[in-house]
Structure formats: C-alpha cells, structure tokens
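Asks: Before we start, here is the structure in question, set down as structure tokens.
The values are calculated or read from the model by the stated rules, or taken from the named source; none is laboratory data. Since we're looking at a predicted model, the values are computed, not measured. Glycine also receives a Cβ, built like all others from the backbone with ideal geometry; neighbour counts cover every protein chain displayed. Areas reflect the complete protein model, heavy atoms only, side chains present, ligands, DNA and RNA absent. Shrake-Rupley method; radii C 1.70, N 1.55, O 1.52, S 1.80 Å.
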Amino acid sequence: MSAGKYEGRTVLVTGSSRGVGALLTRHFLDEGAKVVGVSRGAATCGHERYQHRQADIADTDAVQQLFAALRRSGTAIDIVINNAAVLTSQYALVMPASAARSMVELNLLAPFMVAREAAKMMRKTKWGRIINISSMAVALEPEGDSVYAACKAGLTTLSNVLARELAAFNVTCNTLGITAIESDMLRQLPRDKIDAVVARLPLPRYASFEDIANVVDFFASERSGYVTAQTLYLGGVH
Ligand SMILES: NC(=O)c1ccc[n+]([C@@H]2O[C@H](COP(=O)([O-])OP(=O)(O)OC[C@H]3O[C@@H](n4cnc5c(N)ncnc54)[C@H](OP(=O)(O)O)[C@@H]3O)[C@@H](O)[C@H]2O)c1
C-alpha cells in the first residue's frame, strides 16, 4: 500500500466532531496523517492516529491550555485547519449582542489564537500550513449575516498579515471560502433561502466534500510553499 500524502504530518482540525471538520478529519486520517481534533463535545471519531481534545476555543485561556497539553504530550502541529465557527443569521436590528459576541470570539479570535499557538510550534520545525475555512458570505454579503460575514472577511486579513509574519519560518497562511454544504450549520437556515443563494452562484450547485478537500490539499501541499496570503472561493464566488 502506498504511503498517504500526509504521512508524518500532524494536523489540528478545529470543529472536528461534525460537518466539514469531521469530513476533513477523516480525509487526513485516510491520507496517513495524525489528527488532533478539537470540539466542545466528545469525540465522534475513533482511529489509532486520532486524538480528541475537548475545549471551547472561544475561550482564549482554553486555547492556551490546549496547546500547553499538546506540548506536554510531545505533539507538534504541522497543519492547522481553522474550521470551527458559529452562525447566527439575524437582521442587525434584532441580533442579540451576545450572539454577535459569540461569533467574533469563535469565528475570528479563536482562529487567531489557534494559529498563533500552532505557529510557535511551526517556528521550531520551520514548516507549517495554516488554512482557514471562510464562507461565500464574505462576497455575497447576505442580509442577516453582518457579523458572520465580517468575521470571515476579517479571517482573510488575519491570514494575510500572519502570512507576512510567519513567512520566515516557512509557514503559509491561506483561506478557503466555501459555498453551501450539508451540515448542522446549514440545516439551521431556511432551505429556500440557501437554494436561492446557490442558484445565483456562477456554478449554481452545493459544494461537495471533494471540492473542499481539493483546495485544502493544494494549500497543505509540500509543493505550495510559495502560495501564501491567498483566499480562494469555491463555486465562482469572488
Ligand atoms: N455548512 C455550510 O454550508 C458552510 C458554508 C460556508 C462556510 N462554512 C464554514 O465551514 C466551517 C464548518 O462549518 P460546518 O457547517 O461544518 O459547522 P457545524 O456543522 O456547525 O460544526 C461546527 C463544529 O465546530 C465545533 N464547535 C462549535 N463551537 C465550538 C467551540 N466554541 N469550541 C470548539 N469547537 C466548537 C462543533 O462541535 P461542538 O458543538 O461539540 O463544539 C462542530 O464540530 C465553518 O467555518 C463555517 O463557517 C460552512
């Protein structure tokens, strides 16, 4: 059997228990990686190369404790997938401040903390890939998604600045803006609203997991060392 393309690599996936994060976790495991998965809830994956860490990464102290525990166990992260996010889709006039704050803390502050703590490990090994999962909402700016879309837009800026700061350590930072794909997050939205958005995409269909994995693999590739500070949207969104 040929070695998987991620053999020897350790990947940290936030939001690994469900949806896109669970699919990416399985993908990296299938390709030979060790995976550290993070979510608030219990593990949903059982695999000899998978270790689960329960943490609320919206809490900055919890992120630091998570990385301290990884260091203690001798685990060094090579690839980060900043995937966990929360969506409250509501018009600004009725959006509770607490929901807005939760989105900022999980969708923007947590990726910063996770990337920063992982970069401390990558600086030592002089190799790293930080990949942020963003959304078509940045470009489409849908009503109800002001804070969500702003956080995802901020993720691109965050990634671009980190790309400069970490370039000397051979660490790249890129962002993938995905379109609609079946998940708990998607199911909380009215289906007719999503279908209408998807119908207006240049490529008017839902994303498949292969569409996502294709770009994640590109950003994570050994051969993509000269690709950084890029944001790529699926489906023709720009
Ligand atoms: N699905 C779509 O159509 C779509 C479209 C565009 C962009 N996206 C983006 O794609 C990514 C994945 O979305 P998804 O649809 O797969 O989401 P999802 O189904 O809602 O899954 C979210 C994951 O994040 C974890 N999580 C939530 N809050 C957390 C916290 N505070 N700390 C740690 N983990 C936490 C959840 O586990 P616990 O609840 O156990 O913590 C779960 O594993 C997100 O960045 C999202 O913005 C999705």
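Asks: Please identify the longest segment of the chain free of exposed GluC sites (Glu not before Pro), where exposed means a DSSP state other than H, G, I, E or B and no more than 14 other Cβ atoms within 10 Å. List each step's numbers first, then the result.
Replies: Values: sites that count: GLU7, GLU48, GLU143, GLU182.
Between exposed loop sites, the widest span is 49-142.
Asks: Sort the stretch 87-187 into rounded, prolate or oblate with this rule: let a ≥ b ≥ c be the square roots of the eigenvalues of the Cα gyration tensor; rounded if a/c is under 1.5, and if a/c is not under 1.5, prolate when a/b is larger than b/c, oblate otherwise.
Replies: Judged from the Cα gyration tensor, the stretch 87-187 comes out prolate (a/c at least 1.5, a/b above b/c).
Asks: Got a number for carbon plus sulfur as a percent of the chain's accessible area, 1.4 Å probe? Spell out each step's value before the answer.
Replies: Values: 6100 of 11450 Å².
The computed percentage sits at 53.
Asks: Moving on to the next point. Hey, any idea what the orientation-averaged projected area of the convex hull of the chain's Cα atoms comes to, in nm²?
Replies: Values: hull surface 51.0 nm².
Result: 12.7 nm².
Asks: Go through ASP59, ASP211 and list them by solvent-accessible area, largest first, probe radius 1.4 Å. Please report the intermediate quantities before stating the final value.
Replies: Details: ASP59 70, ASP211 40 Å².
Ranked from most to least accessible, the order is ASP59, ASP211.
Asks: Would you work out the charge dipole size for the chain about its Cα centre, treating the Cβ of every Lys and Arg as +1 and the Cβ of every Asp and Glu as -1, and quote it to the nearest 20 debye?
Replies: Details: 25 positive and 22 negative charges, 134 e Å.
About 640 debye.
Asks: Would you mind finding the longest exposed-site-free stretch of the chain, with exposed chymotrypsin sites (Phe, Trp or Tyr not before Pro) meaning DSSP loop and at most 11 other Cβ atoms within 10 Å? Don't skip to the end; give the middle numbers.
Replies: On the way: sites that count: TYR91, TYR226.
Longest site-free region, per DSSP loop and neighbour criteria: 92-225.
Asks: While we're on this one: If one computes the Cα centroid of the stretch 66-124 and of the stretch 185-236, what distance in Å separates the two points?
Replies: Computed from Cα coordinates, the inter-centre distance equals 20 Å.
Asks: Something else about it: Restricting to Cα pairs below 8 Å that are 6+ residues apart, what does the relative contact order work out to for the chain? Please round to a whole percent. Numbers along the way, then the final one.
Replies: On the way: 437 pairs, mean separation 41.2, N = 238.
Result for the chain is 17 percent.
Asks: Per Stokes-Einstein, at 37 °C and 0.692 mPa s, what whole-number D in µm² s⁻¹ belongs to the stretch 5-51, with the Kirkwood radius over Cα pairs as the hydrodynamic radius?
Replies: Numbers: Rh = 10.2 Å.
It comes out at roughly 322 µm²/s.
Asks: In Å², and per residue, what accessible area does the chain have when probed at 1.4 Å with the other protein chains present?
Replies: Details: 11450 Å² over 238 residues.
On a per-residue basis, 48 Å².
Asks: Roughly what % antiparallel, to the nearest 5, for the DSSP beta bridges in the stretch 10-233? Please list the in-between numbers first.
Replies: Values: 0 of 29 bridges.
So the antiparallel bridges in the stretch 10-233 amount to around 0 percent.
Asks: So how do VAL13, VAL147, VAL104 rank on accessible area, 1.4 Å probe, biggest first, that is with the largest at the start? Working shown, then result.
Replies: On the way: VAL13 0, VAL147 35, VAL104 65 Å².
Highest to lowest solvent-accessible surface, that is VAL104, VAL147, VAL13.
Asks: Would you mind computing, in nm to one decimal, how far apart the modelled labels at TYR91 and LEU232 are, each placed 7 Å from Cα along Cα→Cβ?
Replies: Spacing of the two 7 Å Cα→Cβ label points: 3.9 nm.
Asks: Run the quick spin-label model on ARG101 and PHE218: label points 7 Å from Cα toward the beta carbon, then report their separation in nm to one decimal.
Replies: 4.0
Asks: Find me the longest stretch of the chain that has none of the exposed trypsin sites (Lys or Arg not before Pro), where exposed means in a DSSP loop (not H, G, I, E or B) with at most 10 other Cβ atoms within 10 Å.
Replies: Details: sites that count: LYS126, ARG200.
Result for the longest clean stretch: 1-125.
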